[in-house]
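Working notes for the structure below.
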Amino acid sequence: MMTTAPPTSMAISARGVEKAYVTGDTKVTALRGANLEVKPGEIVMLVGPSGCGKTSLISILAGLLARDGGDLEVFGQDPQALSNEARTTWRREHIGFVFQQFNLIPTLTIAENVAIPLVLHGVSRRDACERAVLALAEVGLEGRQASRPNLLSGGQQQRVAIARALVNEPKLLVCDEPTSALDGQTGQRIMEIVARVGRYGDRAGVVVTHDERIFHLADRIVHMDDGRIDRIGPPPRRNHHD
Ligand SMILES: Nc1ncnc2c1ncn2[C@@H]1O[C@H](COP(=O)(O)OP(=O)(O)OP(=O)(O)O)[C@@H](O)[C@H]1O
Ligand SMILES: [Mg+2]
């Protein structure tokens, strides 16, 4: 009989994660033993100075980047233990990623961009496009589905990228500065959509941000410095006068 590893109760369990980038004879150490645990249902915001390793860490969590050391489980799976092909399938099924640069495909309409994860997952084009249009409406882009990304503002492109990350209802949503190109009010609205992931007890979100106006939507604020998790704090109290 096949035995499977006992399921961990954590959405993310990262222990001593290390990463260095080697180019020619220079080596830049990005992560020096980062530890992070995220529970199912949690939204964690990751903050820290430029270059401290935030993008590196979330790319490793999402199975997009290989680590050099340490242990990782994301909903019980170490992405690095999978073959490249199996890891790609795992990512498509379970991970939503909003990149720091939005990574939209310029030759596709925005509805087609949002529909990609569904089509890759075997959903029919027609159903995928219908769901994409709904996801675009959620981020305030109703009626724009036929536009190409280059006709949209930076903030609108960012919202397309968020719709694309959410359309598959991923277990883990990872966002890199999702409100950087948005004005305060839009950023707030979009983060509320992102934070809904936390209402599902079996999903989780990790959001890199410098935007203090959205901190109250987190369950915890994780501070990074120089390749490590420095300290973890509660979110600020919500100001009900806002
Ligand atoms: N592909 C790469 N090749 C070489 N060095 C890299 C690469 N990606 C990142 N680095 C280096 O690794 C360190 C951590 O980078 P990372 O992008 O994880 O930081 P960050 O916290 O996301 O910064 P920012 O807030 O500016 O986005 C930096 O010193 C960076 O220069
Ligand atoms: Mg970054």
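So in the stretch 198-207, with the set limited to residues that are open to solvent by less than 10 Å² (accessible area, probe 1.4 Å) and more than 16 Å from R159 (Cα to Cα), which one is farthest from ligand 2 (Cβ to nearest atom)? Per the criteria, the residue is A204.
Does L31 fit the bill of being in a helix (DSSP H, G or I), within 16 Å of ligand 2 (Cβ to nearest atom) and in contact with a strand residue (DSSP E or B) (Cβ under 6 Å, 6 or more places away or on another chain)? Considered against the rule, which asks whether it is in a helix (DSSP H, G or I), within 16 Å of ligand 2 (Cβ to nearest atom) and in contact with a strand residue (DSSP E or B) (Cβ under 6 Å, 6 or more places away or on another chain), L31 comes out as no. Residue-level check: of (1) modelled with pLDDT of 95 or more; (2) in contact with a Leu (Cβ under 9 Å, 6 or more places away or on another chain); (3) within 16 Å of ligand 1 (Cβ to nearest atom), D225 misses just (2).
Looking at V22, is it open to solvent by 80 Å² or more (accessible area, probe 1.4 Å), over 15 Å from the mean Cα position of the chain (by Cα) and of a type in the set (A, V, I, L, M, F, W, C)? Considered against the rule, which asks whether it is open to solvent by 80 Å² or more (accessible area, probe 1.4 Å), over 15 Å from the mean Cα position of the chain (by Cα) and of a type in the set (A, V, I, L, M, F, W, C), V22 comes out as yes. Regarding I232, is this residue at pLDDT 90 or above and open to solvent by 40 Å² or more (accessible area, probe 1.4 Å)? Considered against the rule, which asks whether it is at pLDDT 90 or above and open to solvent by 40 Å² or more (accessible area, probe 1.4 Å), I232 comes out as yes. Tell me yes or no: at least one residue of the stretch 42-64 is away from ligand 2 (no atom under 16 Å from the Cβ), in a strand (DSSP E or B), surrounded by fewer than 20 Cβ atoms within 10 Å (Cβ to Cβ) and at pLDDT 95 or above. No - not one qualifying residue is present in the stretch 42-64. Within the stretch 30-62, being within 9 Å of ligand 1 (Cβ to nearest atom), closer than 13 Å to D225 by Cβ and of a type in the set (V, I, T) holds for no residue.
The values are calculated or read from the model by the stated rules, or taken from the named source; none is laboratory data. In this text, all values refer to a predicted model and were calculated from it rather than measured experimentally. Here the Cβ is made from the backbone with ideal geometry for all residues, glycine too, and neighbour counts use every protein chain on show. Ligands, DNA and RNA are stripped out before the accessible areas are found, and what is left, the full protein with its side chains, is counted by its heavy atoms. Shrake-Rupley method; radii C 1.70, N 1.55, O 1.52, S 1.80 Å.
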